[in-house]
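Accompanying notes for the structure given below.
The values are calculated or read from the model by the stated rules, or taken from the named source; none is laboratory data. The structure displayed is predicted, hence computed values, not measured ones. Positions of Cβ are generated from backbone atoms using ideal geometry, with glycine treated the same way; all protein chains shown enter the neighbour counts. Note: areas computed on protein heavy atoms with side chains; ligands, DNA, RNA excluded. Shrake-Rupley method; radii C 1.70, N 1.55, O 1.52, S 1.80 Å.
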Amino acid sequence: MKKRYSINDVAKLFSITTNKLRFYEKKGLLAYQRDASSNYRYYHNEDIKKIQIILTYRVLGFSISDIKDILAKDDKESHLDHFYNHWKAINDKIDKLQLLRNSMEGLIDSMYSSDESNSCELLIQSITNLNELTKTKDSWIDRWDFNSWAKNYDKSVYHGKGVLNMYQHYEEILEKVFTLSTKNLNSDGWVLDLGVGTGNLAQKYLNADYHVYGIDQSREMLNVAKNKFPSLKVRLGEFMKIPFADNSFDAIVSTYSFHHLNQYEKSIAIVEMLRVLKDSGVIVMGDLMFENEQSRQKLFANLTGKQIEFINDEYYSDIEWLANEFKRHNKSLEYIRIDLLNYIITVT
Ligand SMILES: C[S@@+](CC[C@H](N)C(=O)[O-])C[C@H]1O[C@@H](n2cnc3c(N)ncnc32)[C@H](O)[C@@H]1O
């Protein structure tokens, strides 16, 4: 006969109350059977296993309805969906707490150095900055729908070359970014590829045995990257909310991604990159850029209205502005031009 456990046995086994088990039953997470003569609930080993799973998800902070869905659809994709949603919620919380801590630090420091008459203004200024930052971080959306591009992405960059021929030197750019970023990198260096896409750049670091993580905001891009390179570690994440601790990486690299952030978003992303980069680390980015406003205007003078419209749908960086932005954080920037619109910047 199959081993049976009473509700008290199960509660004792997991150090929980019997009410908790009844609650899970009421919510439809857990079934039970009743003894024909005593009418008491009893559970089998399969139920014990299920309770263990429910409790583990609860410890991880999953909601009852999420757990119900995970248990009902027992497939990898659905699990990953829930895990990634939960991962995003956790990272958003951490990011908010970090912002709050920074604001409080700033407030405490300025309270010490200011007189009472302007303390209220300081407080208002701090809250205003915090609100603006949080709003910008939370409102970035993928207007370009990278999820729907993921499956055909490689075909279009390797064969299509793109509007304005922007992918004509794709492979060369990836190779240069790799070479520049690994010039002084120890063989056990940690590399972060931001906007990893289908993993073409990250692959180079994998082949050379570096520890490499790829971050992208698109689940589908990550799926393609993971299918192509099963040993690549990928994480759902955004430029402005990098889901890693301070000082984690020796090199941050990125290609064809940074131009999806406007200038204010870029300045926030720069702070984020420098937070997760080690002091001695390097940032190397290949992307669509202009040297400065004059060169943008000069180039636009030779383009058609449609081409200009296409460029203006994204946010090509102004290298002069980027250099100043990094300088504010005591970093210096060098750049090389690859073709009409493609540049590679190195920040140390
Ligand atoms: C044109 S693809 C480039 C992919 C890859 N780096 C390459 O060179 O082939 C741009 C990638 O950046 C990602 N991306 C764009 N904006 C992002 C953001 N704010 N945070 C994270 N990823 C972003 C997109 O999801 C997409 O995968």
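Observations
- Calculated [θ] (222 nm, deg cm²/dmol) that DSSP helices of n ≥ 4 give over the chain, each run adding -39,500 (n - 2.57): -15500 deg cm²/dmol
- Axis of helix 263-276 versus longest Cα principal axis of the chain: the two differ by about 60°, to the nearest ten degrees.
- The charge dipole of the chain, taken about its Cα centre with unit charges on the Cβ of Lys, Arg, Asp and Glu (plus for the first two, minus for the last two), comes to roughly 1960 debye.
- Mean Cα-pair separation over length for the chain, i.e. relative contact order, pairs under 8 Å, 6 or more apart, %: 11 percent
- In the structure shown, the pairs 266/327; 20/50; 3/73 are assessed against 19 Å; a Cα-Cα span above that value is assigned to 3/73.
- In the stretch 249-299, the portion of solvent-accessible area held by carbon and sulfur atoms comes to 48 percent [1.4 Å probe, whole percent, DNA, RNA and ligands not counted].
- Share of pairwise Cα separations in the chain, more than 35 Å, in percent: 40 percent
- Trypsin sites (Lys or Arg not before Pro) restricted to DSSP loop in the stretch 1-75 with at most 16 other C-beta within 10 Å: 2, 3, 4, 27, 73
- A dipole drawn for the chain from +1 and -1 charges on Cβ atoms has a positive end, and of 319, 107, 78 the residue lying farthest that way is 78.
- Spatially near lysine pairs across the stretch 76-139, Cα under 20 Å, sequence gap of 8 or more or different chains: 8
- Spin-label zone in the stretch 152-187 - amide nitrogen under 18 Å from a point set 7 Å from the Cα of residue 308 along the C-beta vector: 164
- Chymotrypsin sites (Phe, Trp or Tyr not before Pro) lying in DSSP loop within the stretch 125-186, provided at most 14 other Cβ fall within 10 Å: 144
- The mean sequence distance of close C-alpha pairs (under 8 Å, at least 6 residues apart), as a share of the length of the stretch 273-348, puts its relative contact order at 44 percent.
- The stretch 76-139, accessible surface, carbon-and-sulfur percent (1.4 angstrom probe): 61 percent
- Relative contact order (%) - the stretch 5-72, alpha-carbon pairs under 8 angstrom, separation at least six: 30 percent
- Helix 45-59 axis, angle to the chain major axis (alpha carbon atoms, nearest 10°): 40 degrees
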